[in-house]
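As structure tokens, the structure follows; a few thoughts come after it.
The values are calculated or read from the model by the stated rules, or taken from the named source; none is laboratory data. Please read all numbers here as calculations on a predicted model, not as lab measurements. Backbone-built Cβ (ideal geometry, glycine too); neighbour counts: all protein chains shown.
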Amino acid sequence: MPDQTKAIDYVMEAASGPHFSGLRLDGLLSATSSPRSSSAFTPNFASSPVGDASSNKQPFVIGVSGGTASGKTTVCDMIIQQLHDHRVVLVNQDSFYRGLTFEELERVHEYNFDHPDAFDTEQLLECVETLKSGQSVHLPIYDFKTHQRSSDSFRQVNASDVIILEGILVFHDQRVRNLMNMKIFVDTDADVRLARRIRRDTYAKFVKPAFDDFVLPSKKYADVIIPRGGDNHVAVDLIVQHIHTKLGQHDLCKIYPNVYVIQSTFQVVEHGLGHLPFTEKQVVTPTGSVYTGVDFCKKLCGVSIIRSGESMENALRACCKGIKIGKILIHRDGDNGKQLIYEKLPNDISERHVLLLDPVLATGNSANQAIELLIQKGVPESHIIFLNLISAPEGIHCVCQRFPSLKIVTSEIDVALNEEFRVIPGMGEFGDRYFGTDD
């Protein structure tokens with residue numbers, strides 16, 4: 001038990017540092033099924049391979065770096081074992097060593113295999129990009145006895161759910177880093193690494209200089225740092241949970257980091273409030289105890305898009321009593337929602353964070369018109385959180401491409417729009433259903 005506690009301390013120490021930007025505890029929660037089971041997005045890891053070309057899903061690419069003999073291979077093996085219900089392929093940077101020239105072979109013991117120039121990075125890029133597109137590739141096989149690539153054999157790698165790219169310098173080239181969805185740095189004590197390396201081969205004199213010059217500077221690019229390498233089982237378990245969450249996540253959330261699909265409990269307003277800035281606040285309870293909580297920003301308002309957006313006002317008032325709520329009415333005609341009919345907004349709205357309310361995001365045209373109006377009124381784009389219950393992929397593309405700093409919080413991303421520009425399966429005309437005016 002003390003060892004496990006120590007491991008947790010190490011993980012949390014990394015999580016509190018500047019390098020732990022890619023693994024958030026709130027990201028470990030998977031979406032649950034919705035009462036609208038016909039259209040709910042439910043993670044199904046075994047039957048929905050991310051790398052399946054027929055589904056147009058891209059694999060999840062993980063980069064694993066660290067010093068020589070730091071335990072990278074052990075960490076990779078542990079991740080692969082725990083992702084047994086997915087197709088996982090391991091691509092070693094070592095496979096892309098350049099073949100040595102005759103002059104280099106003459107002085108092979110003086111050759112620095114830990115230098116970036118020792119690798120064929122262009123071929124590495126080509127292979128990973130091909131795998132990401134869902135196609136199989138032939139990886140070269142490097143013979144460490146002859147220091148040449150095999151001319152008559154290769155390793156065939158097929159499309160997969162997860163690609164693990166492992167090597168001491170996989171973070172060195174920005175083009176390679178840009179292909180990764182997650183970057184892990186395995187951090188092990190230098191003395192331990194040196195002892196392992198001396199036992200393994202005869203190139204110890206190149207290890208420390210290359211580590212200091214190339215490997216250690218790339219540590220700053222890591223999303224997750226694993227202290228003690230493969231011995232840190234708690235860290236690896238957390239990483240695997242995060243990968244499972246990402247594999248079960250809607251593809252649009254991978255494209256647009258400002259889109260959040262919450263658990264399908266329809267508590268969208270509460271989740272939206274969690275994206276607001278806050279400060280710590282101490283409160284003295286009636287018993288005289290001091291409680292430390294959080295205080296949301298004072299300048300906050302809701303804006304509903306008439307009329308379906310008004311159905312969300314009661315939920316907002318229940319969370320934020322006395323909150324000011326503005327109104328925007330936009331005429332919708334088919335797929336074109338660009339005619340502004342009416343607006344009534346707080347005079348100081350430019351100083352406020354805005355929760356924009358509309359339960360259904362279909363084409364995105366009405367939403368864009370409302371957002372554009374708020375920006376014209378002086379509201380910073382990053383201060384707008386668009387809350388809705390159901391979104392169509394077309395609407396998310398439309399809004400996010402135009403307003404990348406805005407956040408969208410939804411509980412469901414449905415299949416598509418039909419020829420009448422209605423979300424399918426959808427819920428019909430939400431305003432009519434809510435107010436009882438449907439036929």
Query raised in the report: So which helices (runs of 4 or more DSSP H) stay within region 199-273 end to end and still have 2 or more residues that are modelled with pLDDT of 75 or more and either assigned by TED's automatic domain parsing to the domain that holds Cys76 or not charged (D, E, K, R) (or both)?
Result: 233-247, 251-255, 268-273
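So that you can scan it fast, the table gives a plain yes or no per residue for (1) free of Cβ contacts under 8 Å to residues at least 60 places away in the same chain; (2) not aliphatic (A, V, I, L, M):
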{"residue": "Pro380", "(1), (2)": "yes, yes"}
{"residue": "Ala392", "(1), (2)": "yes, no"}
{"residue": "Gly395", "(1), (2)": "yes, yes"}
{"residue": "Ser405", "(1), (2)": "no, yes"}
{"residue": "Phe421", "(1), (2)": "no, yes"}
{"residue": "Met427", "(1), (2)": "no, no"}
Report summary line: Over region 342-371, the set of residues in contact (Cβ under 8 Å) with a residue 40 or more places away in the chain, in a strand (DSSP E or B) and not hydrophobic (A, V, I, L, M, F, W, C) is His353
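Working carefully through the options Val360, Val379, find the one that is modelled with pLDDT of 95 or more and in the same structural domain as Val409 (by TED's automatic domain parsing). Write out each step before concluding.
Details: Val360 fails: modelled with pLDDT of 95 or more.
After ruling out the rest, the residue left standing is Val379.
Applying the selection to region 109-165, what residues are of a type in the set (Asp, Glu) and assigned to a loop (DSSP other than H, G, I, E, B)? First the steps, then the outcome.
So in region 109-165, the residues of a type in the set (Asp, Glu) come out as 110, 114, 117, 120, 122, 126, 129, 143, 152, 161.
If the condition is that a residue be of a type in the set (Asp, Glu) and assigned to a loop (DSSP other than H, G, I, E, B), then Asp114, Asp120, Asp152, Asp161 are the ones that fit.
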Query raised in the report: If you scan region 59-75, which residues turn out to be modelled with pLDDT of 90 or more and surrounded by fewer than 23 Cβ atoms within 10 Å (Cβ to Cβ)?
Result: Val61
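Looking at Lys338, Lys321 in this structure, which one is modelled with pLDDT under 75, assigned by TED's automatic domain parsing to the domain that holds Pro404 and not β-branched (Val, Ile, Thr)? Give the steps one after another, and end with the answer.
Numbers: Lys321 fails: modelled with pLDDT under 75.
Result: Lys338 is the single residue among Lys338, Lys321 that is modelled with pLDDT under 75, assigned by TED's automatic domain parsing to the domain that holds Pro404 and not β-branched (Val, Ile, Thr).
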Query - Odd one out for Gly378 among (1) assigned to a helix (DSSP H, G or I); (2) farther than 17 Å from Met312 by Cα - result: (1)
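Anything in region 76-104 that is of a type in the set (Val, Ile, Thr) and either in a helix (DSSP H, G or I) or surrounded by fewer than 17 Cβ atoms within 10 Å (Cβ to Cβ) (or both)? List them, or say none. Even if it seems obvious, please write down each step before you answer.
Step one: list which residues in region 76-104 are of a type in the set (Val, Ile, Thr), which gives 79-80, 88-89, 91, 101.
Listed by number, the residues that qualify are Ile79, Ile80, Thr101.
Every residue, every condition in (1) among the basic types (Lys, Arg); (2) buried (at least 16 other Cβ atoms within 10 Å of the Cβ); (3) closer than 19 Å to Lys407 by Cα, yes or no:
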{"position": "Asn314", "(1), (2), (3)": "no, no, no"}
{"position": "Ala318", "(1), (2), (3)": "no, no, no"}
{"position": "Ile323", "(1), (2), (3)": "no, no, no"}
{"position": "Arg352", "(1), (2), (3)": "yes, yes, yes"}
{"position": "Ser366", "(1), (2), (3)": "no, yes, yes"}
{"position": "Pro380", "(1), (2), (3)": "no, no, yes"}
{"position": "Asn388", "(1), (2), (3)": "no, yes, yes"}
Query - Residues located in region 132-183, provided they are under 12 Å from Phe96 (Cβ atoms) and within 23 Å of the chain's Cα centre (by Cα) - result: Leu165, Glu166, Gly167, Leu169, Val170, Asp173, Val176
Requested in this report: Consider Gly326 carefully, then state whether it is assigned to a strand (DSSP E or B) and over 28 Å from Ile255 (Cβ atoms).
Outcome: yes
